[in-house]
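Asks: Before I ask anything, let me first share the structure, which is written out below as structure tokens.
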Amino acid sequence: MRPAHLRFPSIAGALLLCGLLLGAVVQAEPLLRGTGDLAVIVERASGSLQIVETSGNTRVGHVEGLGDLSHASVVYSRDARHAYVFGRDGGLSKVDLLMQRLVARTIQSGNSIGGAISQDGRLVAVANYEPGGVKVFDAGTLDLVADIPAEYAPGKRSKVIGLVDAPGGRFVFSLWDAGEIWIADMADASRPVITKFKDVGRNPYDALITPDGRHYIAGLFGEDGMALLDLWHPDKGVRRILPAYGKGEQALPVYKMPHLEGWAIAGDRAFVPGVGHHAVLVMDTRTWTEVGRIAVDGQPVFVIARPDGRQVWINFAHPDNDRVQVIDTESLQTLRVLEPGKGVLHMEFEPRGEEVWISVRDADQVQVYDTATLERRATLPAAKPSGIFMSARAHRIGL
């Protein structure tokens, strides 16, 4: 008779296999997670993304092969699992945050400057400098759905900036060369219906949509002021606001274009950067008129509000890009000027505002600050970091 340990090899094997599988399950379990506290950090020099988590402020992954990220931006799928990365080389990349890998990529133009995802999450649109226009892709496959050339005169195409999603399945964007704002209604994605607003002002350089999705505002580089479009009543056309905020003053050389996407709204007031001025302008959002201005330490680039509206954080163009100024929105007084280091490029609040992440390019760091104490909580190494994008953007209009 065969020894007992050889009589039932299938049972022994089954037990061994079960043990191995159980061990594998136990090992795999910590990898199961949601995406609600995840974020990505753009590493502009290496064409890569860091994936980080904001509960413990640690790095959880790294994705390479994303091309030229010297001026990159990111939007998220509605389930916040996928990040869509818009690169300066015209690349559109789709990154899986949970699998921590690149799942799709297409070179869709020669030079692009950002993009948006539609209200229903089905379409991703890219704003292009070269050739000027907007291309729209299926968010699942990155197949081209629509091509919208920004042709404003026979044979003339404009660079496109300020592309945002808007309620009603629309994209809104501005034409730098033409001084126009266009609305693309994507009800039939293969046949966009375009509404054009002409003569909105010279050289709209960036734009934003208010958090409620009602007002689209383009900053004007070629002249003082901004262009405002009420998307509830587009038939009323574009209105000029802040038409002479620099009148009679000598504007300074502009070393870096301000960004309006991260602008600050606190209650019924908006805080926006003054182009060519060491000032932040304060507007009443009920009348869209200037009600004050705040002298700051340099030319503002990003002016962003803590989610509760209690503070505004400001970073600056060269040569003052080593600091961040924190303003109290009630008193309009400076709370503190932080000095994270040279090359402060971007700031991003955690969804409830208890911390803010700051990229410091020249120090190869991202620094995390407590917004109550204004003290640094964490420092993460990163290769020439620029944009920081929280996954909570998936649930916000225009981001």
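Asks: When the residues of the stretch 195-241 are narrowed to those that are among the hydroxyl-bearing types (Ser, Thr, Tyr) and at pLDDT below 95, which ends up surrounded by the fewest Cβ atoms within 10 Å (Cβ to Cβ)? Let's see the steps before the verdict.
Replies: Within the stretch 195-241, the subset among the hydroxyl-bearing types (Ser, Thr, Tyr) is 195, 205, 210, 216.
Keeping just the survivors that are at pLDDT below 95 gives 205, 210.
On the way: Tyr205: 21, Thr210: 17.
Per the criteria, the residue is Thr210.
Asks: Separate question: Just to be sure before I move on: is Leu21 in a strand (DSSP E or B), farther than 16 Å from Ile388 by Cα and either of a type outside the set (Lys, Arg) or at pLDDT below 90 (or both) in the structure I sent? Write out each step before concluding.
Replies: Details: in a strand (DSSP E or B): no; farther than 16 Å from Ile388 by Cα: yes; either of a type outside the set (Lys, Arg) or at pLDDT below 90 (or both): yes.
Taking the combined requirement at face value, the residue does not satisfy it.
Asks: Any residue in the stretch 136-150 that's free of Cβ contacts under 8 Å to residues at least 24 places away in the same chain: show its pairings with residues that are of a type in the set (Lys, Arg) and buried (at least 18 other Cβ atoms within 10 Å of the Cβ) at Cβ separation under 7 Å, as long as the two are six or more apart or on different chains.
Replies: Asp147/Lys135; Pro149/Arg157
Asks: Then there is this: Hey, can you tell me all the residues within the stretch 175-209 that are of a type in the set (Ser, Thr, Tyr), in a strand (DSSP E or B) and out of contact with any Leu (no Cβ under 8 Å at 6 or more places or on another chain)? Before you say what the answer is, go through the steps one by one.
Replies: Going through the stretch 175-209, the residues of a type in the set (Ser, Thr, Tyr) turn out to be 190, 195, 205.
Okay, now just the ones that are also in a strand (DSSP E or B), so 195, 205.
Within the stretch 175-209, just Thr195 meets the criteria.
Asks: Does Ile304 fit the bill of being aliphatic (A, V, I, L, M), part of a strand (DSSP E or B) and under 21 Å from the mean Cα position of the chain (by Cα)?
Replies: Yes, satisfied.
Asks: Among the residues of the stretch 364-389, which ones are assigned to a strand (DSSP E or B) and under 24 Å from His82 (Cβ atoms)? It would help to see each step written out before you state the result.
Replies: From the stretch 364-389, those assigned to a strand (DSSP E or B) are 365-370, 376-381, 385-389; that's our starting set.
Hits for the stretch 364-389 are Val366, Leu380, Pro385, Ser386, Gly387, Ile388, Phe389.
Asks: For the stretch 77-89, enumerate the residues that are within 26 Å of Asp206 (Cβ to Cβ), part of a loop (DSSP other than H, G, I, E, B) and not basic (Lys, Arg).
Replies: Within the stretch 77-89, the first condition is being within 26 Å of Asp206 (Cβ to Cβ), and the residues that meet it are 77-78, 80, 82-89.
This time we only want the ones that are part of a loop (DSSP other than H, G, I, E, B), so: 77-78, 80, 87-89.
Ser77, Ala80, Gly87, Asp89 - these are the residues of the stretch 77-89 that are within 26 Å of Asp206 (Cβ to Cβ), part of a loop (DSSP other than H, G, I, E, B) and not basic (Lys, Arg).
Asks: Before we move on, is Val303 crowded, with 22+ Cβ neighbours inside 10 Å, at negative phi and touching a Leu at 6+ places or on another chain (Cβ under 7 Å)?
Replies: Numbers: crowded, with 22+ Cβ neighbours inside 10 Å: yes; at negative phi: yes; touching a Leu at 6+ places or on another chain (Cβ under 7 Å): no.
Criteria not met by Val303.
Asks: While we're on this one: Tally up the residues in the stretch 177-191 that are surrounded by fewer than 23 Cβ atoms within 10 Å (Cβ to Cβ) and either β-branched (Val, Ile, Thr) or free of Cβ contacts under 8 Å to residues at least 60 places away in the same chain (or both), please.
Replies: Keep residues of the stretch 177-191 that are surrounded by fewer than 23 Cβ atoms within 10 Å (Cβ to Cβ), which gives 177, 179-180, 183-185, 187-191.
If we keep only those that are either β-branched (Val, Ile, Thr) or free of Cβ contacts under 8 Å to residues at least 60 places away in the same chain (or both) too, we end up with 177, 179-180, 183-185, 187-188, 190-191.
Counting residues in the stretch 177-191 that are surrounded by fewer than 23 Cβ atoms within 10 Å (Cβ to Cβ) and either β-branched (Val, Ile, Thr) or free of Cβ contacts under 8 Å to residues at least 60 places away in the same chain (or both) gives 10.
Asks: Then there is this: Does Glu130 meet the test of being among the charged types (D, E, K, R) and either at pLDDT below 95 or buried (at least 21 other Cβ atoms within 10 Å of the Cβ) (or both)? Even if it seems obvious, please write down each step before you answer.
Replies: On the way: among the charged types (D, E, K, R): yes; either at pLDDT below 95 or buried (at least 21 other Cβ atoms within 10 Å of the Cβ) (or both): yes.
Yes; evaluated as a whole, the condition is true for this residue.
Asks: Between Val337, Val356, which is part of a strand (DSSP E or B) and surrounded by fewer than 16 Cβ atoms within 10 Å (Cβ to Cβ)?
Replies: On the way: Val356 fails: surrounded by fewer than 16 Cβ atoms within 10 Å (Cβ to Cβ).
Step by step, each of Val337, Val356 is checked, and only Val337 is part of a strand (DSSP E or B) and surrounded by fewer than 16 Cβ atoms within 10 Å (Cβ to Cβ).
Asks: If you scan the stretch 284-300, which residues turn out to be more than 23 Å from the chain's Cα centre (by Cα) and either in a strand (DSSP E or B) or in contact (Cβ under 8 Å) with a residue 12 or more places away in the chain (or both)?
Replies: The initial filter retains those residues of the stretch 284-300 that are more than 23 Å from the chain's Cα centre (by Cα), namely 284, 286-297.
Listed by number, the residues that qualify are Asp284, Arg286, Trp288, Thr289, Glu290, Val291, Gly292, Arg293, Ile294, Ala295, Val296, Asp297.
Asks: Let me ask something else. Taking Ala392 as meeting all but one of (1) modelled with pLDDT of 95 or more; (2) among the hydrophobic types (A, V, I, L, M, F, W, C); (3) assigned to a strand (DSSP E or B); (4) farther than 16 Å from Arg44 by Cβ, write down the number of the exception.
Replies: Status for Ala392: all satisfied but (3).
Asks: Condition check: closer than 26 Å to Ala218 by Cβ and in contact with an Asp or Glu (Cβ under 9 Å, 6 or more places away or on another chain). Does Ile304 satisfy that? Walk me through it before giving the result.
Replies: On the way: closer than 26 Å to Ala218 by Cβ: yes; in contact with an Asp or Glu (Cβ under 9 Å, 6 or more places away or on another chain): yes.
Here the answer is yes, as Ile304 does meet what is asked.
Asks: Name the pairs whose Cβ atoms lie under 6 Å apart, with the first residue in the stretch 264-282 and at pLDDT 85 or above, the second among the basic types (Lys, Arg) and part of a strand (DSSP E or B), and 6 or more positions between them or separate chains?
Replies: Close Cβ pairs (under 6 Å, with a partner that is among the basic types (Lys, Arg) and part of a strand (DSSP E or B)) amount to Ala279/Arg293; Leu281/Arg293; Val282/Arg269.
Asks: Moving to a separate point now. In the stretch 90-117, which residues are assigned to a loop (DSSP other than H, G, I, E, B) and either without any contact (Cβ under 8 Å) to a residue 60 or more places away in the chain or surrounded by fewer than 20 Cβ atoms within 10 Å (Cβ to Cβ) (or both)? Even if it seems obvious, please write down each step before you answer.
Replies: Our first condition is that a residue be assigned to a loop (DSSP other than H, G, I, E, B); within the stretch 90-117, this holds for 90, 97-100, 108-110.
Within the stretch 90-117, Gly90, Leu98, Met99, Gln100, Gln108, Ser109, Gly110 qualify.
Asks: Arg122 is checked against (1) of a type outside the set (A, V, I, L, M, F, W, C); (2) free of Cβ contacts under 8 Å to residues at least 60 places away in the same chain; (3) surrounded by fewer than 22 Cβ atoms within 10 Å (Cβ to Cβ) and fails just one. What number does that condition carry?
Replies: Exception for Arg122: condition (2).
Asks: Mind listing whichever residues of the stretch 65-76 are surrounded by fewer than 21 Cβ atoms within 10 Å (Cβ to Cβ) and either in contact (Cβ under 8 Å) with a residue 24 or more places away in the chain or assigned to a strand (DSSP E or B) (or both)?
Replies: Filtering the stretch 65-76 down to residues surrounded by fewer than 21 Cβ atoms within 10 Å (Cβ to Cβ) leaves 65, 67-68, 70-71.
Matches in the stretch 65-76: Gly65, Gly67, Ser70, His71.
The values are calculated or read from the model by the stated rules, or taken from the named source; none is laboratory data. Predicted model only: the values in this text are computed from it and were never measured. Every residue, glycine as well, gets a Cβ built from its backbone with ideal geometry; the counts of neighbours run over all protein chains shown.
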